[in-house]
Amino acid sequence: MPAVFFGHGSPMNALEHNRYTDTWRAFGRAIPRPRAIVCVSAHWFINASAVTAMAQPRTIHDFFGFPDALFAIQYPAPGAPWLVDEIAQAAAPVWIGTDEDSWGLDHGAWSVLTHVFPDADVPVVQLAINAAQPFEYHLDLGRRLAPLREHGVLILGSGNVVHNLGALEPRLETEGFEWAVDFDDEVARIMTADPSELPGVRLHPAFVDAVPTPDHFMPLLYVAGLAAAAGETTDVVVDGYAFGSLSMTSYALGGPALADLSGDGYETIPDPSVVPPSDTNL
């Protein structure tokens, strides 16, 4: 089974049809049907490593200031309590806790999955990002989860490589600041050459601006770890920028690359409104 990292941008992408969401849909159609999905979302960022273990995870609307239509979205995918033991065994000796009632599917998961698997018929669990651990921990945990791919499990990271909401510039609707492009390009170089080197990107001069908080970057480390475990590199499946300080770049491991997803019959919109400039909770 492939693995993928999606730059999810604004929750509004759940309602939009643009070149990012069209690529997410094309990706879902191009890969084998997963037995289940393990989603590492930027928006479940807690001081522990844990997985959701409920049979019917709720749809969490963890944002504010958006249209009612977005709050009305439900993504009723079943959970996969039966997968928890497989995840724990793969991660050992790293301890993975279970959450049976407090979380569910946040918008980092469902805003993407509503396009990738619009029928919401593939079981989904979320894996929390342990906020107390360094980049190397998350790279290693991603590496440990590699056996799940061999048993039909799609591992999906959802965040943004460059994510600085404090620097948003509404006039740069589909452009990136020079520092954002430089950082995004360096991450692309690493992910397409040697993903195991990804933690070293902290030394890049634009790191502090591109990653002011680690939550949106860390999901990519899981895909980098999976690539390192396989001795492979990843491919860019879509790239672009929004409002200067957001990168929408996505990467796939063992799946279709950007060239493979072109010409798939989806009409694209060249200037998508990816992120409402007034939002402060993406």
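Nothing in this text is a laboratory measurement; each read-out follows from the coordinates by a stated rule. Keep in mind that this is a model prediction, so the values were computed, not measured. All Cβ positions, even for glycine, are placed from backbone atoms using ideal geometry, and neighbour counts span all protein chains on display.
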Over the range 3-261, what is the relative contact order in percent, taking alpha-carbon pairs closer than 8 angstrom and at least six residues apart? 30 percent
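Before anything else, pin down the relative contact order of the range 49-98: Cα pairs under 8 Å, at least 6 apart, normalised by residue count, whole percent.
Numbers: 44 pairs, mean separation 27.1, N = 50.
Here the relative contact order equals 54 percent.
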Qualifying trypsin sites (Lys or Arg not before Pro) for the range 149-253 [loop in DSSP, other Cβ within 10 Å: at most 11]: 171
Can you show me the helix-derived [θ] at 222 nm for the chain, built from DSSP H runs with n ≥ 4 at -39,500 (n - 2.57) apiece and divided by the number of residues, rounded to the nearest 500. -8000 deg cm²/dmol
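Apply the Kirkwood formula to the chain: the hydrodynamic radius equals the inverse of the mean of 1/r over all pairs of different alpha-carbon atoms; give it in Å with one decimal.
Working: mean 1/r = 0.0544 Å⁻¹.
Across the chain, the inverse of the average 1/r is 18.4 Å.
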Which whole-Hz couplings ³J(HN,Hα) result when phi for each residue of the range 58-67 is put into the Karplus expression 6.51 cos²θ - 1.76 cosθ + 1.60, θ = phi - 60°, listed in order with x for Gly and Pro? 7, 8, 9, 9, 8, 6, 8, x, 10, x
Cα atoms only: what Rg and Dmax, in Å, come out for the range 86-211? 16.9, 49
Would you please name the GluC sites (Glu not before Pro) within the range 55-158 that are DSSP coil residues with at most 14 other C-beta atoms within 10 Å of their C-beta? 100, 150
Residue 102-residue 73 pseudo-label distance in nm [points 7 Å out on the Cα-to-Cβ vector]: 2.6 nm
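Pull out the extension gain between residue 88 and residue 189, defined as 0.36 nm times the separation in residues minus the alpha carbon to alpha carbon distance; nm, one decimal.
Working: separation 101, 0.36 × 101 = 36.36 nm, distance 3.20 nm.
Net length gain for the segment: 33.2 nm.
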Can you give me the long-range amide H partners of residue 98? Hydrogens built in the peptide plane at 1.01 Å from N, cutoff under 5 Å, separation of 5 or more residues or another chain. 51
Where labels lie 7 Å past Cα in the beta-carbon direction, separation of residue 46 and residue 150 in nm: 3.1 nm
Put in order of increasing Cβ neighbours within 10 Å, starting from the fewest, 122, 40 give 122, 40
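Taking K and R as +1 and D and E as -1, what net charge do the other residues with C-beta under 15 Å from the C-beta of residue 123 add up to?
-1
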The range 145-198-the range 58-80 distance, computed between alpha-carbon centres (Å): 24 Å
